[in-house]
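Here's the structure, in C-alpha cells; my notes come after.
The numbers here are math on the coordinates, done by the rules we state, and not lab data. Note that the structure is predicted; figures quoted are calculated from it, not measured. Backbone-built Cβ (ideal geometry, glycine too); neighbour counts: all protein chains shown.
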Amino acid sequence: MTRALSTPPVIASGVLSGSPQPVLPAGGGLLMRPWEPADAPVFLSAYQDEELRRWHTRRPSTGTQVLEWFDAYRQDWEREKGGHWAITRDGTEVLGRIALRGLDFDDCVADVAYWVLPAARGAGVASRALSALSVWALDEIGLHRLELDHSTRNPASCGVAVKCGYALEGTKRSAALHDDGRHDMHLHARVRGV
Ligand SMILES: CC(C)(COP(=O)(O)OP(=O)(O)OC[C@H]1O[C@@H](n2cnc3c(N)ncnc32)[C@H](O)[C@@H]1OP(=O)(O)O)[C@@H](O)C(=O)NCCC(=O)NCCS
C-alpha cells in the first residue's frame, strides 16, 4: 500500500516483529520476560488484591481467560501494537507486570502500564522495571514519547511515574471510570532527550 503520510518514517516496520520479544534486565536481579502459560495462576491471583482492583477495572476471571490474554499479548508483539512482560526475580518468580501499549510508529508514541504483586511492593520493583523499559523503548526502539496515566487518587503510581522521569503534564478531568465512579487522571510523559 502507498504511504500517505507527509512525514518521513522514523521507525521501520519489523523492528519488533522481526525478532522474538526480548528479555530485558532491570537491575537488582529483576528480569522482564514474555508471559508464559505457567504464569497464568499468579497472574489471575494478582487481580484478587483489593488495592490492584481499585485501579484496574479490566480483570481476567478464569485461568482460561488469562491464557487468552497471553495470546493477545503475543499477537500485539507480532502486529507491533505493544509488548507485555512479566517482571520476575531472575526469570522465575513473577513479581509484577509491565506493558508498552498503543504503539504508534507514525508519531513514535506509546503508553505504559504496570502493577506489582502485594508482597513485592515498596522495594523498587515498579520503578526499576519502568526505568529499564523506558530506556529500551526510547533508545533502542526509537520511540520519542511515552505516556502514563493514573487516577489522581493513586499516589503510589504517581511516585513511580515521577521517579522514572515521567513529568506531570496535567490532569484529565473525569477521564476514567472506576468501580467507585469517575476519576480525574494525571497524565505523565517521558520524552526522549528532555
Ligand atoms: C503502584 C505500584 C505499581 C508501585 O509498585 P512498587 O514496586 O511498590 O513501587 P516502587 O517501590 O518502585 O516505588 C517507586 C516510588 O513510588 C512511590 N510509592 C510507592 N509506593 C507508594 C505508596 N504506597 N505510597 C506513596 N508513594 C509510593 C514512592 O515515591 C517510591 O519511591 P521511593 O521508594 O524512592 O520513595 C504498586 O503499589 C501497585 O501495583 N499498586 C496496585 C496497582 C496499581 O496501582 N497499578 C498502577 C495503576 S496506574
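In table form, for the structure just shown:
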{"quantity": "Whole-Hz couplings from phi, Karplus 6.51/-1.76/1.60, listed for the range 136-148; x for Gly and Pro", "calculated": "4, 5, 7, 8, 9, 7, x, 5, 9, 9, 10, 10, 9"}
{"quantity": "Alpha carbon centroid spacing (whole Å) that separates the range 8-41 from the range 80-115", "calculated": "8 Å"}
{"quantity": "Residue with peak Gaussian network fluctuation, the chain [Cα springs, cutoff 10 Å], from Ala123, Ala110, Ala40", "calculated": "Ala123"}
{"quantity": "Angstrom value of the Kirkwood radius, inverse mean 1/r, which spans all Cα pairs in the range 145-192", "calculated": "10.8 Å"}
{"quantity": "Sequence-distant residues sharing a close amide H with Lys172 (under 5 Å, placed H)", "calculated": "Met185, His186, Leu187"}
{"quantity": "Of the trypsin sites (Lys or Arg not before Pro) in the range 1-105, those whose Cβ has at most 12 other Cβ within 10 Å and which sit in DSSP loop", "calculated": "Arg3, Arg58, Arg79"}
{"quantity": "Ratio of Rg to Rh over the chain (Cα coordinates, Kirkwood Rh, two decimals)", "calculated": "0.96"}
